[in-house]
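Peer 1: I'd like to ask some things about the structure below.
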Amino acid sequence: KREELANDVERIKEIYLNKGYLNIQVGQPIVELTEDKKFFTVTFPIVEGEPYTVGDIGFRGNTVFEEAELRAGSKIAVGEVFQRAKIRDEITRLTELYGEKGYAFTDVTPSVNPDPQTKTAAIVLNLKEGDLIRIREIRISGNDKTRDNVVRRELRVNEQEVIDTVSMKRSYQRLTNLNFFETVEILPKQVEPDKVDLDVKVKEKATGSFSIGGGFSTLDKLTAVADITEGNFRGNGQTVRLRGQFGQRRNIFVLSFREPYLQDSLTSLQLDLFNTETNFETYRESKSGGTVTFGRWFSEFTSGTASLVYENLKISDVSAVSSSLVLQQVGTQSTSGFRTSISRDTRDYYIDPRTGSRTSANVDLGARILGGTNNFYKIQLDGATYTPLFWDTRHMIRGRLGLIEGYGGRPIPVTEQFYVGGINTMRGFVFGRAGPVTPEGTLLGAARQIIINNDFIFPISNEAKLNGVLFFDYGQGFDLANRINIGDLRKAAGVEARWISPFGPLRVAYGFNLDPRPLERRGVFEFSVGSLF
């Protein structure tokens with residue numbers, strides 16, 4: 001492709017400029033046909049010169065910030081190899097620093113002055129600060145269905161206030177994460193020397209869906225599914241969902257309603273009714289009930305929830321090889337109590353994050369004093385961090401700890417145990433089998449869990465929202481009698497594909513058990529639809 005040759009010249013220059021070669025010269029490529037006239041030879045003539053280091057860093061034109069303040073966050077150090085990419089990063093940092101203070105049109109122009117004698121380069125960042133800018137008016141367009149207040153409550157900038165470009169970026173992220181719009185634009189339009197209007201332009205997409213179909217799940221086997229969801233009910237940002245699933249191993253009915261901002265306040269409300277029947281091979285479980293959940297935003301990234309829970313549980317069709325815990329709980333029981341959580345989420349886009357983290361702590365309590373038959377407490381800690389790497393790749397590490405205990409002479413409810421193993425916990429293991437099992441292979445469930453997931457995520461097709469994953473999982477579930485030994489945790493590695501499809505997130509994974517025990521598979525293939533890891 002001849003049109004790419006000129007671009008290749010610039011790419012080669014960029015590599016050298018990021019390694020200190022300021023005098024790099026790349027000539028026009030020479031294209032020659034081989035003697036057999038089947039191939040071309042392309043030759044790039046290069047004169048490298050010598051590498052330069054950073055001699056000094058200076059700032060000119062700054063009046064808003066002292067020079068010490070500008071230097072404080074700089075990633076360029078005197079004496080290091082000159083890298084042009086770091087200058088671009090420095091321009092971005094300074095622009096955002098001024099933007100947070102309301103100087104939205106600050107211009108940063110770098111000057112590089114090489115000294116051939118010392119092979120050093122002095123860098124001067126020239127600042128044209130401009131005026132302090134305020135927002136006169138915010139105009140919203142394109143929201144034919146979605147009400148203005150639904151859009152405005154996600155904005156982190158206000159009329160008549162000083163503009164904040166970092167808050168504008170956060171506003172864009174929050175509007176995108178609503179998943180109501182195909183595109184979101186926030187455009188400042190200067191109307192006076194010190195005032196701008198913000199044009200918030202959105203393009204709505206369908207938020208209601210009806211799906212009916214069937215499939216095969218590695219956990220549920222053959223299933224038929226019907227799902228009706230409206231994610232932006234009557235344009236108010238509310239979610240209504242009715243879901244039914246019928247399969248060989250599990251039947252599920254769920255009805256949910258969520259109001260994310262009660263009366264445009266920072267408090268949310270969610271109501272859930274559910275009924276499930278599950279065949280665990282050695283016993284059958286029937287569960288029905290409901291929850292009322294209140295949530296609250298405490299800050300931009302921190303929120304908490306408290307749920308009042310009631311569920312009725314029936315254990316039946318128990319086989320002789322079932323665990324003693326299951327045998328103790330044959331019949332009908334109930335749980336009344338609370339489930340609470342607090343979390344901090346700084347991920348840029350929750351569906352497909354590039355950067356940020358999410359941490360949460362959950363405390364659940366079942367108490368007979370509230371009308372149920374179960375007494376237990378359950379504590380879970382969960383944290384995941386995303387680190388951007390080269391070529392739009394990123395690394396995710398996630399850690400989970402959990403424990404549950406019964407009290408008042410009551411055993412741990414079977415439905416509250418931890419089941420470590422499977423695509424959502426330890427890939428490379430069949431569901432629950434990275435935890436306690438009997439010598440015959442009967443699944444027991446766990447009262448403790450430790451899980452660490454390492455994912456290297458790389459794009460396969462950004463347009464199709466398709467990613468690949470190389471993973472290493474490390475963890476285990478433990479019963480009350482077992483002492484936790486970090487050195488004995490189970491290990492698995494493998495590959496996975498993730499697709500943000502029109503009908504929900506789809507995951508396909510193949511994991512290798514790195515230390516299989518008797519009756520365990522060496523490799524496990526799994527897939528799931530509808531939930532993110």
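The values are calculated or read from the model by the stated rules, or taken from the named source; none is laboratory data. Worth saying up front: this structure is predicted, and the values here are computed from it rather than measured. Glycine also receives a Cβ, built like all others from the backbone with ideal geometry; neighbour counts cover every protein chain displayed. Heads up: the accessible areas ignore ligands, DNA and RNA and are worked out on the full protein's heavy atoms, side chains in. Shrake-Rupley method; radii C 1.70, N 1.55, O 1.52, S 1.80 Å.
Peer 1: Using only Cα atoms, figure out Rg for the chain and give it as a multiple of 2.2 N^0.38 Å.
Peer 2: 1.21
Peer 1: With +1 on each Lys and Arg Cβ and -1 on each Asp and Glu Cβ, how big is the dipole of segment 368-469 about its Cα centre, in debye rounded to the nearest 20?
Peer 2: 220
Peer 1: Sticking with this one: Which value, in Å to one decimal place, does the Kirkwood hydrodynamic radius take for segment 68-116 when every pair of different Cα atoms is included?
Peer 2: Evaluated over segment 68-116, this radius sits at 12.1 Å.
Peer 1: What's the extension gain from Glu67 to Thr109 if we count 0.36 nm per residue and subtract their Cα-Cα distance?
Peer 2: 13.5 nm is the gain from fully extending Glu67 to Thr109.
Peer 1: Among Gly27, Gly372, Ser268, whose Cα projects farthest towards the positive end of the dipole of the chain, with charges put on the beta-carbon of Lys, Arg (+1) and Asp, Glu (-1)?
Peer 2: With unit charges placed on the Cβ atoms, the residue in question is Gly372.
Peer 1: Here's something else I'd like to know. Which lysines have a Cα lying under 16 Å from the Cα of Lys205, excluding residues fewer than 8 positions away in the same chain?
Peer 2: In chain and number order, the partners are Lys145.
Peer 1: Carbon and sulfur atoms: what percent of the 1.4 Å accessible area of the chain do they account for?
Peer 2: Looking at the chain in its full context, I get 55 percent from C and S.
Peer 1: Hey, how many Å between the Cα centroid of segment 357-414 and the Cα centroid of segment 3-70?
Peer 2: 51
Peer 1: No solvent, one uniform scatterer per C-alpha: report log10 I(q)/I(0) for segment 276-346 via the Debye equation at q = 0.11, 0.23, 0.25 1/Å, two decimals.
Peer 2: Log-scaled intensity ratios, in q order: -0.44, -0.93, -1.02.
Peer 1: Based on the Cβ-Cβ distance of Asn18 and Arg368, what FRET efficiency does E = 1/(1 + (r/R0)^6) give at R0 = 51 Å, to the nearest 0.05?
Peer 2: 0.20
Peer 1: Which is the longest run of the chain containing none of the GluC sites (Glu not before Pro) found in DSSP loop states (not H, G, I, E, B) with at most 14 other C-beta atoms within 10 Å?
Peer 2: 301-439
Peer 1: Additional query: Multiplying the sequence separation of Asp264 and Arg522 by 0.36 nm and subtracting their Cα-Cα distance, what value in nm do you get?
Peer 2: Separation in residues times 0.36 nm, less the Cα-Cα distance, equals 87.6 nm.
Peer 1: Then there is this: Taking a threshold of 22 Å on the Cα-Cα distance, which of the pairs Lys86/Lys119; Lys86/Lys189; Lys13/Lys119; Lys19/Lys169; Lys19/Lys86; Lys169/Lys195 fall above it?
Peer 2: Those over the limit are Lys86/Lys189; Lys19/Lys169.
Peer 1: Counting pairs of Cα atoms in segment 397-524, how many percent are more than 17 Å apart?
Peer 2: Looking at segment 397-524, the distances longer than 17 Å represent 60 percent of pairs.
Peer 1: How far apart, in nm, are two points set 7 Å out from the Cα along the Cα-to-Cβ line at Ser74 and at Lys201?
Peer 2: 3.9
Peer 1: Evaluate the distance, in nm, between pseudo-label points positioned 7 Å from the Cα of Thr359 and of Leu242 along their respective Cα→Cβ axes.
Peer 2: 4.3
Peer 1: Another one. Report relative contact order for segment 1-107 in percent, whole number only (criteria: Cα-Cα under 8 Å, sequence separation at least 6).
Peer 2: So the answer I get is 23 percent.
Peer 1: Would you calculate the separation in nanometres between label points at Thr43 and Ala6, each defined as 7 Å from the Cα along the Cα-to-beta-carbon direction?
Peer 2: Those two pseudo-labels are separated by 2.4 nm.
Peer 1: For Asp56 and Thr393, FRET efficiency with R0 = 30 Å and r from the beta-carbon atoms, rounded to 0.05?
Peer 2: 0.30
Peer 1: If you take the beta carbon distance between Asn126 and Ala306 as r and set R0 to 60 Å, what does 1/(1 + (r/R0)^6) give as a FRET efficiency, to the nearest 0.05?
Peer 2: Efficiency computed from Cβ-Cβ geometry: 0.65.
Peer 1: So what's the back-of-envelope 222 nm ellipticity for the chain, counting only DSSP H runs of four-plus at -39500 (n - 2.57) apiece and dividing by all residues, rounded to 500?
Peer 2: So the calculated ellipticity at 222 nm is -3000 deg cm²/dmol.
Peer 1: Mind ordering 238-248, 421-431 by average Cβ neighbours within 10 Å, highest first?
Peer 2: Per-residue mean Cβ counts within 10 Å order the peptides as 421-431, 238-248.
Peer 1: With a cut-off of 8 Å between alpha carbons and a minimum separation of six or more residues, what is the relative contact order of the chain in percent?
Peer 2: Answer for the chain is 6 percent.
Peer 1: Cα centroids of segment 432-486 and segment 89-155: how far apart, whole angstrom?
Peer 2: After rounding, the separation between the Cα centres reads 43 Å.
Peer 1: What per residue convex hull volume, in Å³, do the alpha-carbon atoms of segment 1-80 yield?
Peer 2: Enclosed volume per residue, from the Cα hull, is 143 Å³.
Peer 1: If you don't mind, another one. Which whole-number percent is the relative contact order of segment 114-205 (Cα, under 8 Å, 6+ apart)?
Peer 2: Normalised by residue count, the contact order of segment 114-205 is 34 percent.
Peer 1: Placing +1 at every Lys and Arg Cβ and -1 at every Asp and Glu Cβ, with all other atoms neutral, what dipole size does the chain have around its Cα centre, in debye to the nearest 20?
Peer 2: Here the size comes out at about 1460 debye.
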